[in-house]
Amino acid sequence: MILLTFNIVNIEAPAQKGSEISYEDRLNITIDNTKAILRILDLHDIKASFFIEISIAGKLKNMIKAISSQGHEIAFYNKDSQADFIEETKKETEYFLEKQVRGIRQKDLIISPEILKMAGFNYISRIDHAHVLFPLKRLKTTTKITEEDGLSIIPESISPYSQLPYNDFVFQFLPVKFYQNMVFETLKNDDFVLIYLDSWQFTDLKKHCFSVPFYRRLNAGKKMEDKLDALLSWINEKELATSRVKDYIF
């Protein structure tokens, strides 16, 4: 099973010298990038899970409604929000969506499963930092779903052969053919592959003057759209099963 997921986050990179990019500009870029992702998913009739960064969720209500109305899952991505704000945002989102938000993703600030269970979450998706030294660090990392304090804990997926994780950096960096082979081989060994991408990767960095490292500019913007389109075409061609995270877990 392929679990395709997207982190909907504002691009954090500073503006290039002599340029200024406001918070509203960043928010509008995030909306445009998300629309591009939705368009590609719709083209291939594939459903995914969208992890909305909690601090911007209240400003993306129309976007969240559009994502949900197209049959995709709405979940949260916690970058640096505290438990009270997470619970408040969850209730507000569930109210206007008229649907339960079951999942939350964490990386830097880790809220305990016990607290998240009390807030009404059913699963936690854990991800790590994406950088060039990740392979050796992950050699002993489990890829099995476990349970903690009544919540399902979903780890990052890692290729058992290349030891590469299925994170945003790897997808952007690797050739599509190599990535497809990695997914195919992993599915022979594991029950699922969880793939995650960040919405900021779809930013047109030629149009928007962000100061982004050269290795992060590679294949960004339209090239990321093309790579995602190629991956989804391949998934359908090979008739590989996909699922929203909440459907797979429950």
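The values are calculated or read from the model by the stated rules, or taken from the named source; none is laboratory data. Keep in mind that this is a model prediction, so the values were computed, not measured. We place every Cβ from the backbone using ideal geometry, glycine too, and count neighbours over all the protein chains shown.
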So which residues in region 196-216 are over 13 Å from residue 171 (Cα atoms) and either at pLDDT below 90 or of a type in the set (A, V, I, L, M) (or both), if there are any at all? 205, 206, 207, 208, 209, 210, 211, 212, 213, 214
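Just checking, does region 225-239 include any residue being assigned to a helix (DSSP H, G or I) and among the small types (Gly, Ala, Ser)?
Yes; the residues of region 225-239 include at least one that is assigned to a helix (DSSP H, G or I) and among the small types (Gly, Ala, Ser).
May I ask you to say which residue of 222, 177, 206 is charged (D, E, K, R), without any contact (Cβ under 8 Å) to a residue 12 or more places away in the chain and over 20 Å from residue 127 (Cβ atoms)?
Numbers: 222 fails: without any contact (Cβ under 8 Å) to a residue 12 or more places away in the chain; 206 fails: without any contact (Cβ under 8 Å) to a residue 12 or more places away in the chain.
Going through 222, 177, 206 in turn, just one is charged (D, E, K, R), without any contact (Cβ under 8 Å) to a residue 12 or more places away in the chain and over 20 Å from residue 127 (Cβ atoms): 177.
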State whether the residues of region 189-197 include one that is out of contact with any helix residue (DSSP H, G or I) (no Cβ under 6 Å at 6 or more places or on another chain), crowded, with 16+ Cβ neighbours inside 10 Å and over 15 Å from residue 105 (Cα atoms). yes
Please state which one of 162, 211, 157 is among the polar types (S, T, N, Q) and within 18 Å of the chain's Cα centre (by Cα). 157
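Looking only at helices (runs of 4 or more DSSP H) that fall completely inside region 139-224, which ones have 1 or more residues that are touching a Lys or Arg at 6+ places or on another chain (Cβ under 9 Å) and more than 16 Å from residue 11 (Cβ to Cβ)?
Details: elements: 168-173, 176-189, 214-217.
Correct list: 168-173, 176-189.
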I need the full set of residues from region 219-239 which are of a type in the set (A, V, I, L, M) and either on the phi > 0 side of the Ramachandran plot or touching a Leu at 6+ places or on another chain (Cβ under 6 Å) (or both), in order please. 220
